[in-house]
Amino acid sequence: SVIAASLLVAADGARSKLRERAGIATHGWEYDQAGIVVTVGHERDHEGRAEEHFLPAGPFAILPLSGRRSSLVWTERRAEAARIVALSDEEFHAELEQRFGLHLGEVKALDKPRAFPLSYFVARSFIATRLALVGDAAHVIHPIAGQGLNMGLKDVAALAEVVVDAARLGMDIGGADVLERYQRWRRFDTMAMGVATNSLNFLFSNQSTLLRTVRDIGLGLVDRAPPLKNLFIRQAAGLTGEVPRLLKGEAL
């Protein structure tokens, strides 16, 4: 069947077929890192607290789920990640406990761990003729700052705002000028976040004594400076720059 539309939105992930069919290239690189993803159960309540430990191989993030469960995003070198996910349940538990600790009591994997290779790429254009890319179809970044989902939501909110504004003015919602506004809005923010996550990964995922010292001093200064800390919190929450109305809780 054939469907006609004024605008097609490519929200089909990092291996977007729509992006490929539109002839939009990407630029970026692969990291020698993989993210091990697994859900764990623990004895004590996490009380909604998320944690991220910066280890030499990469970050170890503990993200709260409902009940006494958490989701882990555990970064290791690719070869080491492949070794860990191939371990027996008992051997994996020993590796997990060593990194997770016992602050939430006994911990247990609730599903089979899987490893996903990490990479960074950005589409050379977020738009084509009557086409807009959003989310992972437009950009994939390192999970160190936990901003991938936030960026995708910001894409959707910005595109929705651009389309609604155009429709109210009687404009063609898939027109080149309308889509160009979306691209200008989101592309700079995406590139800036890519630079930030690459820099954070370089700063934290290494064993350099000098970089570790600089990092610890910097984190100490941020912790002692409430205005600077609040700036980082607002940035992580996606509340800096030109924020789409939907993300501010406003109706379009």
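The values are calculated or read from the model by the stated rules, or taken from the named source; none is laboratory data. Values in this document were obtained by computation on a predicted structure and should not be read as measured data. With ideal geometry, Cβ positions are generated from the backbone for all residues, glycine too; neighbour counts draw on all protein chains shown.
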Within the stretch 59-79, restricting attention to residues that are among the aliphatic types (A, V, I, L, M) and assigned to a strand (DSSP E or B), which residue is surrounded by the fewest Cβ atoms within 10 Å (Cβ to Cβ)? Leu63
Suppose we keep only residues that are touching a residue at least 40 places away in the same chain (Cβ under 8 Å) and surrounded by 18 or more Cβ atoms within 10 Å (Cβ to Cβ) within the stretch 90-111. Which one would you say is nearest to Asp32 (Cα to Cα)? Leu96
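Does Pro59 qualify as being modelled with pLDDT of 95 or more and not assigned by TED's automatic domain parsing to the domain that holds Asp12? Let's see the steps before the verdict.
Working: modelled with pLDDT of 95 or more: no; not assigned by TED's automatic domain parsing to the domain that holds Asp12: yes.
Taking the combined requirement at face value, the residue does not satisfy it.
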For the stretch 28-58, how many residues are exposed (fewer than 15 other Cβ atoms within 10 Å of the Cβ) and not in a strand (DSSP E or B)? 8
Tally the residues that are surrounded by 15 or more Cβ atoms within 10 Å (Cβ to Cβ) and outside any helix (DSSP H, G or I), restricting the search to the stretch 149-174. 2
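Got at least one residue in the stretch 85-106 being among the basic types (Lys, Arg) and at pLDDT below 95? I'd like the intermediate steps shown before the answer.
Restricting attention to the stretch 85-106, the residues satisfying the condition of being among the basic types (Lys, Arg) are 99.
Keeping just the survivors that are at pLDDT below 95 gives 99.
Yes - at least one qualifying residue is present in the stretch 85-106.
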Of the conditions (1) β-branched (Val, Ile, Thr); (2) touching a residue at least 24 places away in the same chain (Cβ under 8 Å); (3) out of contact with any His (no Cβ under 9 Å at 6 or more places or on another chain), Val162 satisfies every one except a single condition; which number is it? (2)
Being at pLDDT 85 or above and surrounded by fewer than 16 Cβ atoms within 10 Å (Cβ to Cβ) is the filter here, so list the residues in the stretch 188-207 that pass it. Phe188, Met191, Ala192, Val195
What number of residues in the stretch 160-183 are out of contact with any Lys or Arg (no Cβ under 8 Å at 6 or more places or on another chain) and either of a type in the set (D, E, K, R) or under 30 Å from Phe116 (Cβ atoms) (or both)? 9
What pairs come out if I take residues in the stretch 183-210 that are over 26 Å from Ser125 (Cβ atoms) and pair them with residues that are of a type in the set (A, V, I, L, M) and at pLDDT 85 or above whose C-beta lies under 7 Å away, six or more apart or interchain? Ser205/Ala57
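Go through the stretch 88-113 and give me each residue that's of a type in the set (Lys, Arg) and either part of a loop (DSSP other than H, G, I, E, B) or assigned by TED's automatic domain parsing to the domain that holds Met193 (or both). Explain how you work it out, then say what you get.
Going residue by residue through the stretch 88-113, those that are of a type in the set (Lys, Arg) are 99, 108, 112.
Answer for the stretch 88-113, where residues must be of a type in the set (Lys, Arg) and either part of a loop (DSSP other than H, G, I, E, B) or assigned by TED's automatic domain parsing to the domain that holds Met193 (or both): just Lys112.
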Return yes or no: is Ala25 at pLDDT 95 or above and surrounded by fewer than 13 Cβ atoms within 10 Å (Cβ to Cβ)? yes
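Report yes if Arg114 is at pLDDT 95 or above, surrounded by fewer than 18 Cβ atoms within 10 Å (Cβ to Cβ) and out of contact with any Asp or Glu (no Cβ under 7 Å at 6 or more places or on another chain), otherwise no.
Yes: the conditions hold for Arg114.
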Could you please find all residues in the stretch 125-150 being in contact with a Ser or Thr (Cβ under 8 Å, 6 or more places away or on another chain), touching a residue at least 60 places away in the same chain (Cβ under 8 Å) and under 20 Å from Gly58 (Cβ atoms)? Asp136, Val140, His142, Pro143, Ile144, Ala145, Gln147
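Please go through the stretch 54-73 and give me each residue that is of a type outside the set (A, V, I, L, M) and over 17 Å from Asn198 (Cα atoms), ordered by number. Break it down stepwise before answering.
First pass over the stretch 54-73, keeping only residues of a type outside the set (A, V, I, L, M): 54, 56, 58-60, 64, 66-71.
Once the filter is applied, which keeps residues that are of a type outside the set (A, V, I, L, M) and over 17 Å from Asn198 (Cα atoms), the stretch 54-73 yields Pro64, Ser66, Gly67, Arg68, Arg69, Ser70, Ser71.
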